[in-house]
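The values are calculated or read from the model by the stated rules, or taken from the named source; none is laboratory data. Computed from a predicted model, the values in this text were never measured in an experiment. Glycine also receives a Cβ, built like all others from the backbone with ideal geometry; neighbour counts cover every protein chain displayed. SASA here: full protein model, heavy atoms, side chains in, ligands and nucleic acids out. Shrake-Rupley method; radii C 1.70, N 1.55, O 1.52, S 1.80 Å.
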Amino acid sequence: MTGIMPDQINQTIGEQEEMYQNIIEYSLETIVIHVDYNILYINESGTDFFRAPKQAIIGGNILSVFQPSSHDMIKKRIQKAMTEGVLSPLIEEKIIRADGTVVETELYCRPVTYGNRKVMQSVFRDISVRKEAEKMLKNREKLASVGQIAAGIVHEVKNPLTAVKGFLQLLKESHSHPYLQTMENELDKALMTLQNLLQVSKPDLQDEPLIPIDFCKELQSLMLLFQDKLYNVEVEMDLRNPGSRILGKKNLYLKAFFNLIKNALEAIHEKGKIKISHYCDNQWVYIKVADTGVGVPEEKLSMLGTPFFSSKSDGTGLGLTQVYTTIHEHGGHISVESRLGEGTTFSIRLPISH
Ligand SMILES: Nc1ncnc2c1ncn2[C@@H]1O[C@H](COP(=O)(O)OP(=O)(O)O)[C@@H](O)[C@H]1O
Ligand SMILES: [Mg+2]
């Protein structure tokens, strides 16, 4: 007689059970089973996610991974899901890991029956990469809109100022007064500032042709321009993958990297080091400009790139605006990491041309 024997059925069920257990145990998402906030089980991903061994997590209180301000809300969600027996919808929360770091997380929970016990299953997903991308996009939009506003104001203000300058020149011809020249000089400064602002906030106005650029070569030549400023500064050039090319507006790019290197040098007050690195993969060229200078306070980081934001007494606050708009105009990404008193690193990624 052919067919499936009871033993085989049991074996198949056993195998299936093991398979399902493995699916949960090795799921890429962190899965936690808890009852009355008491953690009964955590899968393999959970040890990475919470940065603690399983034994340290099991037996703990699920609420302890949430910020105290969220405890009431989380309790309510768990209670509601438990009593109504339904999935509680996705939320985003900041989760505190065992080492004290905080991770942006997406999570949901649902009641499940485990043997004859009703327990809660919570699923945690790390969304820090997505959050970072969203933040960058927002920042980029903010900068773009500031740029638009700035360019609009420049147009509006430049015309009347140019007219004033014309009348001033006429006045100078018919009258002589020592203040007239001072007025004209000041007016010229204002016009120059406006012109700079227009240039840096709207680089697409520049109709430079797109040409292939080898950044390894260009970065080396750029550094030569700073030779006289490198007295107390050690420079390390880690330039890999020479010969890789990027299609772009060369002058805009050179100006951008000039601005970054200039800032790095200005951030080093006594002795220090600047490291410029370049490497690429199939898609992108990565360039980093790192310094061991004064650093940027955390609350100021989001201001970088905003026109006129400067901490220097003689700064214009237009350098980074030019950098950010140039990188964005070429479809690239720029991010900055900084620690006060330790240094700053600007990381740039530019699409490679094949
Ligand atoms: N490498 C750096 N290290 C520390 N601070 C920096 C660095 N780069 C830029 N900054 C900060 O960003 C501000 C704006 O830079 P930027 O737009 O080039 O204007 P400026 O150099 O004229 O001040 C600087 O004043 C400084 O506070
Ligand atoms: Mg600058």
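Of everything in the range 291-300 that's within 16 Å of ligand 2 (Cβ to nearest atom) and not acidic (Asp, Glu), which residue is surrounded by the most Cβ atoms within 10 Å (Cβ to Cβ)?
So, considering only residues that are within 16 Å of ligand 2 (Cβ to nearest atom) and not acidic (Asp, Glu), the one surrounded by the most Cβ atoms within 10 Å (Cβ to Cβ) is Gly293.
Selection of the range 78-101 for residues being surrounded by 12 or more Cβ atoms within 10 Å (Cβ to Cβ) and part of a strand (DSSP E or B) yields Ser88, Ile91, Glu92, Glu93, Lys94, Ile95, Ile96. Among residues of the range 109-134 that are without any contact (Cβ under 8 Å) to a residue 40 or more places away in the chain, those with a Cβ under 6 angstrom from a residue that is open to solvent by 90 Å² or more (accessible area, probe 1.4 Å), sequence gap 6+ or separate chain, pair up as Pro111/Lys118. For the range 175-229, a tally of residues being open to solvent by 80 Å² or more (accessible area, probe 1.4 Å) and either closer than 30 Å to Glu270 by Cα or in a helix (DSSP H, G or I) (or both) returns 16.
In the range 263-283 there is no residue matching the filter, namely being within 12 Å of ligand 2 (Cβ to nearest atom), touching a residue at least 24 places away in the same chain (Cβ under 8 Å) and basic (Lys, Arg). Of the residues screened, Asn241 is not one that is away from ligand 2 (no atom under 14 Å from the Cβ), in contact (Cβ under 8 Å) with a residue 60 or more places away in the chain, part of a loop (DSSP other than H, G, I, E, B) and not assigned by TED's automatic domain parsing to the domain that holds Lys138.
Number of residues in the range 305-319 that are in contact (Cβ under 8 Å) with a residue 60 or more places away in the chain and near ligand 2 (Cβ under 10 Å from one of its atoms) equals 3.
Does at least one position in the range 244-251 carry a residue that is assigned by TED's automatic domain parsing to the domain that holds Thr321, in a strand (DSSP E or B) and among the charged types (D, E, K, R)?
Within the range 244-251 (the criterion being assigned by TED's automatic domain parsing to the domain that holds Thr321, in a strand (DSSP E or B) and among the charged types (D, E, K, R)), the answer is no, since none of the residues qualifies.
Does the range 37-69 hold any residues that are part of a helix (DSSP H, G or I), under 24 Å from Tyr20 (Cβ atoms) and either open to solvent by 60 Å² or more (accessible area, probe 1.4 Å) or among the β-branched types (Val, Ile, Thr) (or both), and which are they?
Glu44, Thr47, Asp48, Gln55, Ile57, Ile62
Across the range 145-194, the number of residues qualifying as β-branched (Val, Ile, Thr) and closer than 26 Å to Gly305 by Cα comes to 6. Taking residues in the range 79-107 that are more than 14 Å from Ile62 (Cα to Cα), and partners anywhere that are of a type in the set (Lys, Arg) and open to solvent by less than 70 Å² (accessible area, probe 1.4 Å), the pairs with Cβ atoms closer than 7 Å and at least 6 places apart or on different chains are Ser88/Arg77; Val103/Arg97; Glu104/Lys131.
Taken over the range 273-285, the criterion of being closer than 19 Å to Asn263 by Cβ and open to solvent by 20 Å² or more (accessible area, probe 1.4 Å) is satisfied by Lys273, Lys275.
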